[in-house]
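The values are calculated or read from the model by the stated rules, or taken from the named source; none is laboratory data. In this text, all values refer to a predicted model and were calculated from it rather than measured experimentally. In this analysis, Cβ positions are derived from the backbone assuming ideal geometry, glycine residues included, and neighbour counts consider all displayed protein chains. Surface areas here come from the heavy atoms of the whole protein model, side chains and all, with no ligands, DNA or RNA. Shrake-Rupley method; radii C 1.70, N 1.55, O 1.52, S 1.80 Å.
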Amino acid sequence: MKKHFRVYRNVKALRLAIYLVVALVTLLFSRTDALAYPYATVGTGLLSPFGVATDSFGNLYIADQTGEVYKVTPTGTQTTVISGLNPTSAGAPTGVAVDASGNIFITDNEHGQILKNGTVFVAGFGWPDGLTVDTAGNIYVADGLNGYVVKVTPSGTQSLVINGLTGWPVGGAVDASGNYYVCDQGNNRVVKITSGGVQSTVGSGLSDPQGVAVDANGNVLIADSNNNRVVMVTPSGTQMTIASGFSLPTDVAVYRDGTLYVADHNNAKVAKLTDPSFASVASPSSGVTLTLYTTGGTTTAVPITNPSIPNFVVIPGTAYDISFSGTFTGNATVCIDYSASNVQGSQSTLRMLHFSGGNWNDITSAGYPDTVNHVVCGVTSSLSPFVLANAVAPVGYNPQWLIITLFILTVVGGHLLRKRLARQ
């Protein structure tokens, strides 16, 4: 068994060493000029970026095979989160994930463990090569050497998600419905596992996929590494190439506004995609973000008077009539900010309502409201008025007042009955 482990480990080490050599050759002889590179880039001083992730504030985290993990803010400020993770061996970090509380998880491949904020959180893996986190704070570890994926709760309890992945599982993503996705790279496929354990294959024509993400519309984004492209698979199964021209893309991450980040490994860059051929991201009004897939058009968001909605209290400053001059495919994601001081009741019960078909419908996305950033997002196939609101109990159905009313009626009725009997 030890010999078997050493063989696999040496093969993986050799493979990653080859990646490093190719990256150095690329840097020295074939680096694309910055003006010619087709995408905007994030991060500086990268050698071989492998894994990328975003947090709820829009910060980007980059696992670089120099042995560092970097954090880049939306304004471009770059800091080192952790360094010294065996940059000269195969143990350089390949996976990074951030939970809703801001905890940073990193794969320490060489030692078979996962770090949380720089310290060991869970160990005992053969070669952890993929990492992601869900809205409940559970992390999912793809162990390439052992061919399985393990779910680890915030308290450290482990459970098996899937076993028998012979193509070296890597990457990972969880969608809003709790479905898990992992790249079975040697078998040229992405595997989807539902919360009920049902498995299926996502995508076709892939070659050595190594990274996967899911956007707010349920589209699956795949780093199709050997084909040097990123493909998108819609919820209906339609597949399209949305970006190409990379050199061994190893991971993808998507922020809630639709911004896509690609670890372009051999070009030593992280690409940032927000062009209309991928997703049109508009902020038509302060506090409103609209993400949709389109070839062009103009978005407007006009504040409207708070509508009267039965059994709901509308939050002031969150009612908008949103429209788009062009056409878009699939669903659109709408995000509306709110002020905590304007919320009546609990922030955790806020809902996004959309007026469609003559009714106000709840379209709130899973994982929202985000009570840290004070935003609620929803997914819709049409545009018109949107509001944020809190549900209230219908008048006349408060059980406490009903009991009090019945008690008063009983007392008064009894008194009147006694007086009537006294006269007889």
Per-region count, region 347-362, residues open to solvent by 40 Å² or more (accessible area, probe 1.4 Å), within 18 Å of CYS377 (Cβ to Cβ) and of a type outside the set (Phe, Trp, Tyr): 7
Evaluation of LEU115 against (1) in a strand (DSSP E or B); (2) within 16 Å of VAL252 (Cα to Cα) (one fails), failing number: (2)
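Name the strands (runs of 3 or more DSSP E) wholly inside region 354-410 in which the number of residues that are modelled with pLDDT under 90 and not polar (S, T, N, Q) is 2 or more. Even if it seems obvious, please write down each step before you answer.
Working: elements: 359-362, 375-380, 385-391.
Because the criterion is at least 2 residues that are modelled with pLDDT under 90 and not polar (S, T, N, Q), the strands (runs of 3 or more DSSP E) in region 354-410 that meet it are 375-380.
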Which condition does THR80 not pass, out of (1) hydroxyl-bearing (Ser, Thr, Tyr); (2) within 26 Å of VAL42 (Cβ to Cβ); (3) assigned to a loop (DSSP other than H, G, I, E, B), if it passes all the others? (3)
Could you check region 138-235 for strands (runs of 3 or more DSSP E) lying wholly inside it with 1 or more residues that are over 26 Å from ILE62 (Cβ atoms)? 148-152, 158-162, 189-193, 199-202
I'm told THR107 meets every condition in (1) of a type in the set (Ser, Thr, Tyr); (2) assigned to a strand (DSSP E or B); (3) open to solvent by 10 Å² or more (accessible area, probe 1.4 Å) except one. Can you identify the failing condition by its number? (3)
Do the conditions hold for GLY330, that is, is it open to solvent by 50 Å² or more (accessible area, probe 1.4 Å) and either of a type outside the set (Phe, Trp, Tyr) or modelled with pLDDT of 75 or more (or both)? yes
Restricting region 70-90 to residues that are surrounded by fewer than 21 Cβ atoms within 10 Å (Cβ to Cβ) and among the small types (Gly, Ala, Ser), the residue that is modelled with the highest pLDDT: GLY76
From VAL375, VAL314, grab the single residue that is within 17 Å of SER286 (Cα to Cα) and either open to solvent by 30 Å² or more (accessible area, probe 1.4 Å) or β-branched (Val, Ile, Thr) (or both). VAL375
Just checking, which of ASN179, ASN146, ASN138 is of a type in the set (S, T, N, Q) and either farther than 23 Å from SER365 by Cα or open to solvent by 60 Å² or more (accessible area, probe 1.4 Å) (or both)? ASN146
Residues of region 269-287 classified as crowded, with 22+ Cβ neighbours inside 10 Å and modelled with pLDDT of 80 or more, total: 3
The residue that is nearest to the chain's Cα centre (by Cα), considering only those in region 333-346 that are open to solvent by 20 Å² or more (accessible area, probe 1.4 Å) and of a type in the set (A, V, I, L, M), is ALA340
